[in-house]
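**Student:** Here's a structure for you.
The values are calculated or read from the model by the stated rules, or taken from the named source; none is laboratory data. Just so we're clear, the structure is a prediction, and the values are computed from it rather than from any experiment. Methodologically, a virtual Cβ is constructed for each residue, glycine included, from the backbone with ideal geometry; neighbour enumeration extends over all protein chains shown. Remember, those area values only see protein heavy atoms, side chains included, never the ligands or the DNA or RNA. Shrake-Rupley method; radii C 1.70, N 1.55, O 1.52, S 1.80 Å.
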Amino acid sequence: AGMMVFYAFFTGASTAQSILREEEERTLPRLFTTPTPQSFILGGKFLAVFLTVLVQVTTLIIVSQIIFRIEWGAPPAVMLAAIGIVFIASSFGICLNSFMKSTKQGGSVFGGVLTMTGMLGMISVFMPNSPMSAQLGETVGLLVPQGWAIRGVMRAMNGAPMQEILVSVLVLLALSVAFFIVGVWRFNKRYAS
C-alpha cells in the first residue's frame, strides 16, 4: 500500500511534467495559437494526468491481489481510498509542476520533494511495533498528503468503518481541490496571452 501511494505521487508529477516538456519544445505555445480555448488544452493535459494515475492505481490493486494475494479489504472501501489517492496524486503533480520553470528543475525537485513528503507521510508504516512511536508517526504523517492517502488505504485494509475511510478521502478531496486550483491558476497566469 505504501509503495502504491509513493509511486502514484511520482506518476502524477512526472505525467504532469509533460506540460513543461511541451513548453520547452514549443509545441504548447503552438497549440495555444489554434482556435481551441486554452482552458480546453490545459484541461486535456490535466485529464491525461488523472487517467494515467487512475490506470496505475487500479492495475496495482488488481494485479497485486491476483499475483501476491494482497487483501485490500472490502471493495467499496478500497475503491473509495483509491479514488482519494488518484485525485490527490494527480492534483499534487499538477500543482508541483506549476512552480517549475523547466523539466531539469522538475527532476531534482520531484526527487527531493516527493521522497521527503512520501517518507514523512508513511512514517507510521515504518514504526508499527511501538505504540507511542506509531501514534506520533501517524500524527506527523498527516502533515503531508501522502499521510492522508496511506491512512485511507490502511484503514480500508484493516476493515475500519466506512466513516473513518470517508474522513480520510474527504480530506484528500479537499486538498486535491486546493492543489488543483493553485496549479490551474499558476499555469493560466503563466500562459496568459
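**Student:** Here are some conditions: (1) free of Cβ contacts under 8 Å to residues at least 60 places away in the same chain; (2) in contact with a Gly (Cβ under 8 Å, 6 or more places away or on another chain). ILE85 meets all but one. Which one does it not meet?
**Tutor:** (1) is the only condition that ILE85 fails.
**Student:** Hey, does region 58-74 have a residue that's crowded, with 24+ Cβ neighbours inside 10 Å, on the phi < 0 side of the Ramachandran plot and not β-branched (Val, Ile, Thr)?
**Tutor:** Taking every residue of region 58-74 in turn, none turns out to be crowded, with 24+ Cβ neighbours inside 10 Å, on the phi < 0 side of the Ramachandran plot and not β-branched (Val, Ile, Thr).
**Student:** Something else: Considering each of VAL153, VAL109 in turn, give the residue that is under 16 Å from the mean Cα position of the chain (by Cα) and buried (at least 23 other Cβ atoms within 10 Å of the Cβ).
**Tutor:** Details: VAL109 fails: buried (at least 23 other Cβ atoms within 10 Å of the Cβ).
Testing whether each residue is under 16 Å from the mean Cα position of the chain (by Cα) and buried (at least 23 other Cβ atoms within 10 Å of the Cβ) leaves just VAL153.
**Student:** Looking only at region 156-176, filter to residues that are assigned to a helix (DSSP H, G or I) and polar (S, T, N, Q); which one of those is nearest to the chain's Cα centre (by Cα)? Explain how you work it out, then say what you get.
**Tutor:** So in region 156-176, the residues assigned to a helix (DSSP H, G or I) come out as 156-157, 162-176.
From what's left, polar (S, T, N, Q): 163, 168, 176.
Working: GLN163: 22, SER168: 14, SER176: 8 Å.
Once the filter is applied, the top-ranked residue is SER176.
**Student:** Next up: Anything in region 113-126 that is within 21 Å of LEU60 (Cβ to Cβ) and either in a helix (DSSP H, G or I) or open to solvent by 30 Å² or more (accessible area, probe 1.4 Å) (or both)? List them, or say none.
**Tutor:** LEU114, THR115, THR117, GLY118, MET119, GLY121, SER124, VAL125, PHE126
**Student:** Residue by residue through region 11-46, note down the ones that are hydroxyl-bearing (Ser, Thr, Tyr) and either without any contact (Cβ under 8 Å) to a residue 60 or more places away in the chain or open to solvent by 70 Å² or more (accessible area, probe 1.4 Å) (or both). So that I can check it myself, show each step before the final result.
**Tutor:** Restricting attention to region 11-46, the residues satisfying the condition of being hydroxyl-bearing (Ser, Thr, Tyr) are 11, 14-15, 18, 27, 33-34, 36, 39.
Matches in region 11-46: SER18, THR27, THR33, THR34, THR36, SER39.
**Student:** Return the only residue of ILE83, ILE88 being under 20 Å from the mean Cα position of the chain (by Cα), open to solvent by 20 Å² or more (accessible area, probe 1.4 Å) and at pLDDT 95 or above.
**Tutor:** Working: ILE88 fails: open to solvent by 20 Å² or more (accessible area, probe 1.4 Å).
Residue meeting the stated conditions: ILE83.
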